[in-house]
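The values are calculated or read from the model by the stated rules, or taken from the named source; none is laboratory data. Given the structure is predicted, the values throughout are model-derived calculations rather than measurements. Positions of Cβ are generated from backbone atoms using ideal geometry, with glycine treated the same way; all protein chains shown enter the neighbour counts.
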Amino acid sequence: AHDIEWPVIPVIARMENEGILLDVPYLERFADQIGDMISDVEQEIYGHANEEFNISSPGQLAEVLFTKLKLPTAGIKKGKTGYSTAASELDKLRGQHPIIDLITQYREVTKLKNTYVDTLPKMVDEQSRVHTTYNMTMAQTGRLSSQDPNLQNIPIRTELGRHIRTAFKAAPGNVFVGADYSQFELRLAAYLCNDEKLIHQFNRDIDVHVMTAAEVYGYDPEEVSKNMRRDAKVVNFGVMYGLSAHGLVAATGMSYGQAKEFIEKYFEVRPKLKAYIEGVKKQAKEDGFVETMFGRRRPTPDVQSSNFMVREGAYRAAVNMPFQGSAADIMKLAMVKIDEQLRDTDATMLLQIHDSVLVECKEADAETIAKLLKDTMESVVKLPVKLTVDTTYGKNWGDL
C-alpha cells in the first residue's frame, strides 16, 4: 500500500482540482429532448395498461403487471406489499409482454435524467468545470470510486450515455485523449494462473474469445460464429466474477443445460484457471483473506457464514479480488508514471475510469500524448503476458 497508495494521492488531488469542462447549454437542450422521450415512453406504457398510473410506484406497477395484465408470477419474489418489480424480477418476465421492455427503458432514461442531465449543470464552478471526488478506500478491491458526481458510472454502450459524455468537452484548440487497458483483468488472470496457452494467445494478438469458443465447442477457429464468440466472451469475463450457469442464461439466452455444460467444458480447457480459483477460495476460507499480486489484502470473514447466499457472495468477491484488485493496483502505478511523464508537457490528466484514463492536451500534440500514454501504461509492470492499451482522441468525451 505504501508503494502504491501514497504516491497516487497528489495525482488524484491534481485531477480533482483540475476538473473537466461541461457544456451546460448542450445539456440543457438535451434535457428537453430526454423529457420528450420520457413522455413518449410513458404514453406507450399507459396504452398497454389502459390507464395512467405512477410508473415509479412499485405497488401501482405490480398491480398493473400482475393483476390487470395477469403476467405470470411464478418465480417472482414476493414481499409484504406484494410482488416485487425490481429489475431482477422484471428480467424474468422479458418477452412475456412489450410493457416490460418499456418499463426498463423508462427506468434507465429517468435515472440518467435525474442523475446527470438535471444535476450536472448545478455542479459546475465559475469556469463551468465539474470536479468529481475520488475515494481511494471505498472499494475493497482497491479500485477508485467517484462521487458528486460519479463520473465512472455513465453508461458506455448506450446512445444516451454517449450523449451525456458529449457534454464534457476539451477547451478550444484542445482534445481529449483516452487510453484504455484492453481485456485487462483477463490478461492478469492468464498471468496469475500461469496459463501458457492463454498468455501465448495474448502475446501473439490472437482473438482469445474466438479461441475459447473453438476449444469449448470443438471447432476450428475459422468455424466459430459471432454468437459462439459472444458466448465465450461472456464466460471469459464473467468467470472472474463467479459467473454461474444462471448468470450465463441471463446474459446469452442459452438454456440452463447448455450453460451448465459450457461452463464445465470451459474449465476443462482452462484447468489452470480452475485450480487457481479453487486455491483462492481455499485461501479465503483458511487464512480469512485473499490478496492481489502486490499484496493488497481483502478480509473474507463471510465465507464462514451459515447463510448460503452470504457465503456464495463472499466467495465470488474473494475470487474477483486478485483480478480486479491487481488491475486497480497497476492502474494506480500507471497514474503516478503518467503524471510524471506529463509534467514537461501542456497535457493534463483529468479522469480515471477504472481501466482507462482521460487526458486533455493541445490538438497538435494528440498523437504524441496518445503514444506516451500507451507506452507508459503498457510498460508500468513487466509481466510474461503483454498488456495492451488502446488510445483514441476527440473534441469531447462522447467522441472517444
Could you please give the count of residues in the stretch 103-142 that are without any contact (Cβ under 8 Å) to a residue 24 or more places away in the chain and more than 30 Å from Arg298 (Cα to Cα)?
6
If Gly75 satisfies every condition in (1) in a helix (DSSP H, G or I); (2) loosely packed, with under 15 Cβ neighbours inside 10 Å but one, which is the exception?
(1)
What's the number of the condition Ile156 fails, among (1) without any contact (Cβ under 8 Å) to a residue 60 or more places away in the chain; (2) not in a loop (DSSP other than H, G, I, E, B)?
(2)
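Conditions (1) outside the structural domain of Lys382 (by TED's automatic domain parsing); (2) under 23 Å from the mean Cα position of the chain (by Cα); (3) of a type outside the set (A, V, I, L, M, F, W, C), marked per residue:
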site: Asp302; (1), (2), (3): yes, no, yes
site: Ser305; (1), (2), (3): yes, no, yes
site: Glu312; (1), (2), (3): yes, yes, yes
site: Tyr315; (1), (2), (3): yes, yes, yes
site: Met321; (1), (2), (3): yes, yes, no
site: Ala334; (1), (2), (3): no, yes, no
site: Lys337; (1), (2), (3): no, no, yes
site: Arg343; (1), (2), (3): no, no, yes
site: Thr348; (1), (2), (3): no, no, yes
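Residue by residue, here is whether (1) under 26 Å from the mean Cα position of the chain (by Cα); (2) in a helix (DSSP H, G or I) holds:
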| site | (1), (2) |
| --- | --- |
| Ile12 | yes, yes |
| Leu21 | yes, no |
| Pro25 | no, yes |
| Phe30 | yes, yes |
| Gly35 | no, yes |
| Asn54 | no, no |
Filter the stretch 361-392 down to the residues that are within 11 Å of Phe176 (Cβ to Cβ) and either of a type in the set (Lys, Arg) or buried (at least 22 other Cβ atoms within 10 Å of the Cβ) (or both) and list them by number.
Cys361, Ile369
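So which of Ala259, Ala275 ends up being aliphatic (A, V, I, L, M), on the phi < 0 side of the Ramachandran plot, in contact (Cβ under 8 Å) with a residue 12 or more places away in the chain and exposed (fewer than 15 other Cβ atoms within 10 Å of the Cβ)?
Ala275
Assess whether Asn50 counts as being loosely packed, with under 14 Cβ neighbours inside 10 Å and closer than 30 Å to Leu342 by Cα.
Details: loosely packed, with under 14 Cβ neighbours inside 10 Å: yes; closer than 30 Å to Leu342 by Cα: no.
Here the answer is no, as Asn50 does not meet what is asked.
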Report whether or not Tyr276 is part of a helix (DSSP H, G or I), over 30 Å from Arg94 (Cβ atoms), in contact with a Leu (Cβ under 9 Å, 6 or more places away or on another chain) and modelled with pLDDT of 95 or more.
yes
Which members of the stretch 262-272 meet the condition of being surrounded by 15 or more Cβ atoms within 10 Å (Cβ to Cβ) and assigned to a helix (DSSP H, G or I)?
Phe262, Ile263, Lys265, Tyr266, Phe267, Val269, Lys272
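Would you pick out the residues in the stretch 190-207 that are outside any loop (DSSP other than H, G, I, E, B) and either touching a residue at least 60 places away in the same chain (Cβ under 8 Å) or under 18 Å from Gly279 (Cβ atoms) (or both)?
Going through the stretch 190-207, the residues outside any loop (DSSP other than H, G, I, E, B) turn out to be 190-192, 196-203.
Once the filter is applied, which keeps residues that are outside any loop (DSSP other than H, G, I, E, B) and either touching a residue at least 60 places away in the same chain (Cβ under 8 Å) or under 18 Å from Gly279 (Cβ atoms) (or both), the stretch 190-207 yields Ala190, Tyr191, Leu192, Glu196, Leu198, Ile199, Phe202, Asn203.
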